[in-house]
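For reference, the structure is listed below as structure tokens.
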Amino acid sequence: MLKKREKKERKEKERKEKERKEKKTGKRFKKRYLLIGTLAVALVSGIVYSHAASGPVVVPVECIRARTGDLDETVSVSGKVVSDKSETCFAPVGAKVSQVLVAEGDEVQAGQKLIVFDTADLEENSKKADLEVSSASSSYQNALQESNKNQSKYADATIGLEELKTMEENQRQYVQGLTYQLEDNVTARRKDLLDWDKKLQEELNYQNRRLAQVAPGSSEEESIYEIIDNVTDQRTDVQNDLNMIEQEENIKQQQRLIDFEQQKLSDMQEEIQRRESTQNSSESGILNGYAQKERQIAVESAKLGQQEAKQKLDLAAAGVSAGISGIVTQVQVVEGATAAQGAALVTIESDREVKVTVELNRYELEKVKEGQQAEVTIAGNVYQGVVEKINRMAQNNQQNTLVVYADISLKDPDENLYLGVDGKARILTAQAQGAVLAPYEAINTDTEGDFCYVVKEGVIAKKRIVTGISDDTDVEILEGIADGDTIVISTGQDLEEGMQVMPVVRE
């Protein structure tokens with residue numbers, strides 16, 4: 001019944017507002033006091049003057065005196081009581097819920113325990129994290145010690161290595177020089193022997209030609225044969241010497257020197273190779289800056305994991321408590337369920353910081369502004385409030401009517417308030433003190449603007465006016481009407497400026 005009555009009152013208010021708007025477009029308002037006006041006209045309707053007896057007819061019109069007074073312009077709206085401050089408690093960790101200590105509708109105090117978690121799994125994770133820190137730290141220390149050993153080996157292999165390589169290069173060149181010298185000596189010795197063999201061959205050819213020219217059996221022939229035999233023997237010796245050059249003592253001495261120096265060179269090269277091998281093998285075991293940093297990061301990461309596991313355990317052990325006092329409006333978890341980290345568990349709305357969310361139609365929106373004072377009635381109790389916020393976007397309400405929602409915060413909430421109940425608000429949209437006032441019925445509108453008909457000495461005069469604020473019955477007149485002026489109330493009569501009338505003043 002209450003909702004129907006409120007709906008009826010709202011429709012009546014909207015109808016009145018629509019009538020006033022229509023008045024601004026040239027249509028006349030219906031008289032608020034139509035019955036009184038009708039009776040007043042009836043009282044004077046018999047006073048008619050005959051054209052023949054007394055001249056033209058004087059029309060009676062209902063009037064009222066303009067007056068001064070205070071005017072409060074208000075807008076009446078309704079809405080629901082909602083909390084102006086709420087808190088949703090989220091799961092600090094992913095854990096199994098062992099106890100839910102509140103239910104929807106419960107009143108709770110700040111700091112009150114709401115949810116208890118089962119910490120068994122988190123305790124196990126914390127122990128694993130401790131072991132991972134220990135393992136990472138040990139691995140880093142072992143790698144660091146092995147790196148230091150390899151660093152020492154590398155340093156030992158490196159000391160004097162460049163000097164040794166220089167010596168090896170010099171020795172190699174020296175051996176090469178000895179080898180070239182030996183080859184030159186052998187070549188020279190072979191050339192000498194071949195030159196001598198060539199001469200012997202020429203001598204042998206010469207003797208053979210002589211032999212052909214002497215008489216056989218002569219003493220000269222015998223002498224030539226002896227020379228040929230001697231030359232042949234020498235050529236044989238030359239061939240033997242060519243075959244035995246490497247066995248000559250001076251050549252053998254040079255070769256022994258080369259072999260000796262070559263051995264020294266080989267020793268140097270072997271030492272260089274050993275050192276380089278040590279360098280290569282030890283260098284791979286040395287932690288460079290990046291590798292060392294990586295190991296340190298692994299340790300730090302394990303420590304962070306350890307810290308995180310401990311924090312999660314501590315958070316789960318602490319459970320979830322209320323951050324504000326108020327009413328539990330939503331419980332989104334049940335005992336035995338596993339809550340994901342960040343999941344909403346319980347919503348609490350304050351019953352000490354509340355507001356009334358009301359709907360404004362387009363006519364009301366023109367008047368209502370943020371910061372305006374309001375008087376709110378809730379369950380028979382009256383509270384003072386202020387328009388805190390007007391939504392910047394229109395929405396469809398439950399009746400599919402386009403409205404704008406506004407929040408009225410209450411200054412003095414008490415224990416009699418209940419969230420979700422209906423409330424009515426009268427918003428003070430404007431005030432005028434000592435203003436000239438005229439009733440709605442006296443205001444007319446044409447294409448040039450607003451005006452009133454006033455009666456001066458029994459004659460109608462048309463006065464252009466500037467209006468201000470208004471309430472349910474009166475309109476503030478800023479210009480055009482003075483206090484005490486006799487104003488014609490709209491009656492549906494056709495009135496013209498200069499017309500003689502009989503004013504019937506309503507007190």
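The values are calculated or read from the model by the stated rules, or taken from the named source; none is laboratory data. This one's a predicted model, so the numbers in the text were calculated from it and none came from an experiment. For neighbour counting, all protein chains shown are included, and Cβ atoms are generated from backbone atoms with ideal geometry for every residue, glycine included.
The table below lists the values:
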quantity	calculated
Cβ pairs under 9 Å, 6+ apart, first in segment 477-489 and under 14 Å from Arg464 (Cα atoms) and assigned by TED's automatic domain parsing to the domain that holds Tyr453, second part of a strand (DSSP E or B) and aromatic (Phe, Trp, Tyr)	Gly480/Phe451; Ile487/Tyr453; Val488/Tyr453
Residue check, Thr179 surrounded by 15 or more Cβ atoms within 10 Å (Cβ to Cβ), assigned by TED's automatic domain parsing to the domain that holds Asn280, closer than 30 Å to Met244 by Cβ and at pLDDT 90 or above	yes
Count of segment 81-111 residues which are part of a loop (DSSP other than H, G, I, E, B), surrounded by 14 or more Cβ atoms within 10 Å (Cβ to Cβ) and in contact (Cβ under 8 Å) with a residue 24 or more places away in the chain	8
Hey, Gly468 surrounded by fewer than 15 Cβ atoms within 10 Å (Cβ to Cβ), assigned to a strand (DSSP E or B) and touching an Asp or Glu at 6+ places or on another chain (Cβ under 9 Å) or not	no
Segment 377-413, residues that are touching a residue at least 12 places away in the same chain (Cβ under 8 Å) and not in a strand (DSSP E or B)	Ala379, Asn391, Asn397, Thr401, Lys411, Asp412, Pro413
Pick from segment 324-338, criterion loosely packed, with under 14 Cβ neighbours inside 10 Å and small (Gly, Ala, Ser), ranking: farthest from Val82 (Cα to Cα)	Gly336
Scope segment 339-374; condition more than 36 Å from the chain's Cα centre (by Cα), assigned to a helix (DSSP H, G or I) and surrounded by fewer than 21 Cβ atoms within 10 Å (Cβ to Cβ); matching residues	Arg362, Tyr363, Glu366, Lys367
Single unsatisfied condition, Ile443 versus (1) crowded, with 18+ Cβ neighbours inside 10 Å; (2) under 55 Å from the mean Cα position of the chain (by Cα); (3) among the hydrophobic types (A, V, I, L, M, F, W, C)	(2)
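Yes or no, residue by residue, for (1) loosely packed, with under 13 Cβ neighbours inside 10 Å; (2) modelled with pLDDT of 90 or more; (3) out of contact with any Lys or Arg (no Cβ under 6 Å at 6 or more places or on another chain):
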| residue | (1), (2), (3) |
| --- | --- |
| Arg256 | yes, yes, yes |
| Arg275 | no, yes, yes |
| Ser281 | no, no, yes |
| Lys293 | yes, no, yes |
